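This report refers to the structure that appears directly beneath it.
The values are calculated or read from the model by the stated rules, or taken from the named source; none is laboratory data. From a predicted model like this one, the values you see are computed outputs, not experimental measurements. Every residue, glycine among them, receives a Cβ derived from its backbone with ideal geometry; neighbour counts consider all protein chains shown. Accessible surface areas use protein heavy atoms only, side chains included; no ligands, DNA or RNA. Shrake-Rupley method; radii C 1.70, N 1.55, O 1.52, S 1.80 Å.
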Amino acid sequence: MADSKLKLIYFSPTRTTRRVLDAVAKGFGAGELTVFDVTREEGVPQDFDCANDDLVIIGTPVYAGRVPAIALERLASLKGAGVPAVLVVVYGNRAFDDALLELKDFSAEAGFKPVAAAAFIGEHSYSTKVTPVAVGRPDAGDIVKAEEFGRELAVMFQRGKWDNGVGLNVPGANPYKERVNRALVAPFSQGNCELCGACERVCPTGAITVGVEVVTDADNCILCCACVKVCTNDSRKMEVPRVLEISKWLSTNCAERREPDVFLAQ
Ligand SMILES: Cc1cc2nc3c(=O)[nH]c(=O)nc-3n(C[C@H](O)[C@H](O)[C@H](O)COP(=O)(O)O)c2cc1C
């Protein structure tokens, strides 16, 4: 697809969404690729217009069956200008519920033409050594599927199939699942913390400040676990009772491997 311009846009605190989108882009093989990581506010460009792109792929994780509210905030100024969009959600092996439909509806409202969608599986943000959930995903098999999806998009693109503008159907219900209220709790750093600042740098909401100690503003924490996963000496912990309970439930009830789903406009 040497003559195509592809834009990747993602919100991805623990980087599983990012890895899936990178693989889809690799399969597509665009001549020109631009990437917007909107996980942190500074990644949102001043002018978020896609008029000059041939295809845009938007990816977010699933939070409580929805697109995270903060991801929608980051994407609020996005203008589709009639460009075809591919919607991708990544979920932690429980379910994606209404998230893909919500992302599709959002993209249409922003002026895109939704042409394809997919739901992939990523290691659950709450997975721990004691309560593992979808560990290591997306794994090699998922990446192969993501690249295949990208190649399929390239074939559709070459055939000009999207020009028909025929609708895309994805699972989900509207009204979407009700959002879960913020828990006003947060991970914390333990004694062996070396104050390296990695947690502060990855936090999507700026809720962490590292000085002579690590201060976390629980009011701003979205429980994404980016800080926990980035901590190299295991000192950042999500040992919040409510989250530990959820991790345990997920580890017991969502152990059976789920596979990616792909949806194409007819
Ligand atoms: C607050 C929160 C809610 C989540 N809700 C769901 C869910 O409803 N279903 C599911 O399967 N996974 C759920 N997950 C897991 C994430 O969707 C999954 O780990 C995803 O791979 C994270 O994407 P990222 O690596 O791009 O941040 C949730 C994670 C968090 C932090």
Looking at (1) in contact with a Pro (Cβ under 6 Å, 6 or more places away or on another chain); (2) open to solvent by less than 30 Å² (accessible area, probe 1.4 Å); (3) basic (K, R), which one does R74 not meet, given that it meets all the others? (1)
Residue in the range 201-239 that is surrounded by the fewest Cβ atoms within 10 Å (Cβ to Cβ), counting only those that are of a type in the set (K, R) and touching a strand residue (DSSP E or B) at 6+ places or on another chain (Cβ under 7 Å): K237
Please name all residue pairs, on different chains or six or more residues apart, with Cβ atoms under 6 Å, provided the first residue is in the range 71-85 and is assigned by TED's automatic domain parsing to the domain that holds T17 and the second residue is part of a helix (DSSP H, G or I). P84/W162; A85/S107
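Name the single residue, out of those in the range 70-81 being part of a loop (DSSP other than H, G, I, E, B) and either at pLDDT below 95 or hydrophobic (A, V, I, L, M, F, W, C) (or both), that is nearest to the ligand (Cβ to nearest atom).
L75
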Looking for something under 19 Å from the mean Cα position of the chain (by Cα), modelled with pLDDT under 95 and within 12 Å of the ligand (Cβ to nearest atom) - is there at least one such residue anywhere in the range 171-180? yes
Return only the number of the condition from (1) in contact (Cβ under 8 Å) with a residue 24 or more places away in the chain; (2) of a type outside the set (F, W, Y); (3) open to solvent by 80 Å² or more (accessible area, probe 1.4 Å) that V166 does not satisfy. (3)
Using beta carbons and a limit of 7 Å, which pairs, at least six apart or on different chains, have the first residue in the range 87-100 and touching a residue at least 24 places away in the same chain (Cβ under 8 Å) and the second one assigned to a strand (DSSP E or B) and open to solvent by 20 Å² or more (accessible area, probe 1.4 Å)? L87/P114; D98/R66; A99/R66
Whether any residue in the range 45-65 is within 16 Å of the ligand (Cβ to nearest atom), part of a helix (DSSP H, G or I), outside the structural domain of C225 (by TED's automatic domain parsing) and open to solvent by less than 50 Å² (accessible area, probe 1.4 Å) is what I want to check. no
Any chance F120 is within 14 Å of the ligand (Cβ to nearest atom) and open to solvent by less than 10 Å² (accessible area, probe 1.4 Å): yes
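Residues being outside any strand (DSSP E or B), within 16 Å of the ligand (Cβ to nearest atom) and in contact with a helix residue (DSSP H, G or I) (Cβ under 9 Å, 6 or more places away or on another chain): count how many of those fall in the range 85-117.
Quick first cut of the range 85-117, residues outside any strand (DSSP E or B) only: 92-112.
Checking the rest, the ones that are also within 16 Å of the ligand (Cβ to nearest atom) come to 92-103.
So of that shortlist, the ones also in contact with a helix residue (DSSP H, G or I) (Cβ under 9 Å, 6 or more places away or on another chain) come out as 92-94, 102-103.
Adding up the residues that qualify gives 5.
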Taking the range 1-43, which residues are assigned to a strand (DSSP E or B) and not acidic (D, E)? K5, L6, K7, L8, I9, Y10, L33, T34, V35, F36
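Here's the yes/no breakdown for (1) part of a strand (DSSP E or B); (2) modelled with pLDDT of 95 or more; (3) touching a His at 6+ places or on another chain (Cβ under 9 Å):
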site: E194; (1), (2), (3): no, yes, no
site: T205; (1), (2), (3): no, yes, no
site: V215; (1), (2), (3): yes, yes, no
site: V243; (1), (2), (3): no, no, no
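Give me a count of the residues in the range 240-266 that are open to solvent by less than 70 Å² (accessible area, probe 1.4 Å) and not β-branched (V, I, T).
Taking the range 240-266 and keeping what is open to solvent by less than 70 Å² (accessible area, probe 1.4 Å), we get 240, 243, 246-247, 250-251, 254, 260-265.
Keeping just the survivors that are not β-branched (V, I, T) gives 247, 250-251, 254, 260-261, 263-265.
Qualifying residue count for the region: 9.
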